[in-house]
1. Checking residue 20 against (1) at pLDDT 90 or above; (2) open to solvent by less than 50 Å² (accessible area, probe 1.4 Å): exactly one of these is not met. Which one?
2. Please specify each residue of segment 143-173 satisfying the condition of being out of contact with any His (no Cβ under 8 Å at 6 or more places or on another chain), in a helix (DSSP H, G or I) and farther than 25 Å from residue 46 by Cα.
3. Report, by residue number, each residue of segment 135-172 that is surrounded by fewer than 14 Cβ atoms within 10 Å (Cβ to Cβ) and in contact (Cβ under 8 Å) with a residue 24 or more places away in the chain.
4. Quick one: which of 58, 94 is closer than 20 Å to residue 149 by Cα, modelled with pLDDT of 95 or more and open to solvent by less than 70 Å² (accessible area, probe 1.4 Å)?
5. Checking the condition part of a helix (DSSP H, G or I), loosely packed, with under 10 Cβ neighbours inside 10 Å and at pLDDT 55 or above, which residue from 81, 132, 123, 89 passes?
6. Can you pull out every residue in segment 174-184 that is in a helix (DSSP H, G or I) and either small (Gly, Ala, Ser) or over 29 Å from residue 95 (Cβ atoms) (or both)?
Amino acid sequence: MPATLPTALDHQRLIAQLQQGQDGALKALYDAFAGVTYRVCLRMLASPEDAEEVLQDAILRLEAQAGRYDPARGTVQTFVLTIAHHLCLERLRARRARPQARDGALGDPAFDLPASAPRHDPLDQALIESALSALNASDRQLLEDMFFGGFTHAELTVRTGLPLGTVKSRLRRALLKLRERMQP
């Protein structure tokens, strides 16, 4: 019989245990979310080393901020990924402030290693793909640039040539549409 995957309720129990300082809760949360968090970080940062560092920082911040988790605002996975997303944005903005010399490794196919395949429910994947396909291409690109590219609203206006208000309203509309489509 295959092992069952932890549920959102299991994750909530783990974060409650982490809030109480119970041994093993942080490791269990790391085991549950390290893969998906690393892949998001790698997609945003395009550097395995940076992605690993941000993953570790996110887990440490999770431990420090576990008391701020509110199940009414989202799942534990969303909480963890939000922490990692903000850390990636900080790193991307620091890079822009201090451009780094490229050593050529990112363009070398030998360094283009794929992240391990996610363990996920195929129904969740189908739901995500369906929700994203419901967006028009320009709104989907804005979301990707904001979340994975780390661009601010102001930077998106420069990239797209759209007014700031238009960028903000399109992003909000796209997020609301995704949320609506993702609701059970």
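1. In the conditions (1) at pLDDT 90 or above; (2) open to solvent by less than 50 Å² (accessible area, probe 1.4 Å), residue 20 misses (2) alone.
2. Answer for segment 143-173, where residues must be out of contact with any His (no Cβ under 8 Å at 6 or more places or on another chain), in a helix (DSSP H, G or I) and farther than 25 Å from residue 46 by Cα: 165, 166, 169, 170, 172, 173.
3. 138
4. 58
5. Being part of a helix (DSSP H, G or I), loosely packed, with under 10 Cβ neighbours inside 10 Å and at pLDDT 55 or above holds for just one of 81, 132, 123, 89, which is 123.
6. Step one: filter segment 174-184 for residues in a helix (DSSP H, G or I), giving 174-182.
If the condition is that a residue be in a helix (DSSP H, G or I) and either small (Gly, Ala, Ser) or over 29 Å from residue 95 (Cβ atoms) (or both), then 174, 176, 177, 179, 180, 181, 182 are the ones that fit.
The values are calculated or read from the model by the stated rules, or taken from the named source; none is laboratory data. The shown structure was predicted, so the numbers you read here are calculated from the model rather than taken from an experiment. Cβ sites come from the backbone with ideal geometry, for glycine too, and all protein chains shown count toward neighbours. Calculation scope for accessible area: heavy atoms of the full protein, side chains included, ligands and nucleic acids excluded. Shrake-Rupley method; radii C 1.70, N 1.55, O 1.52, S 1.80 Å.
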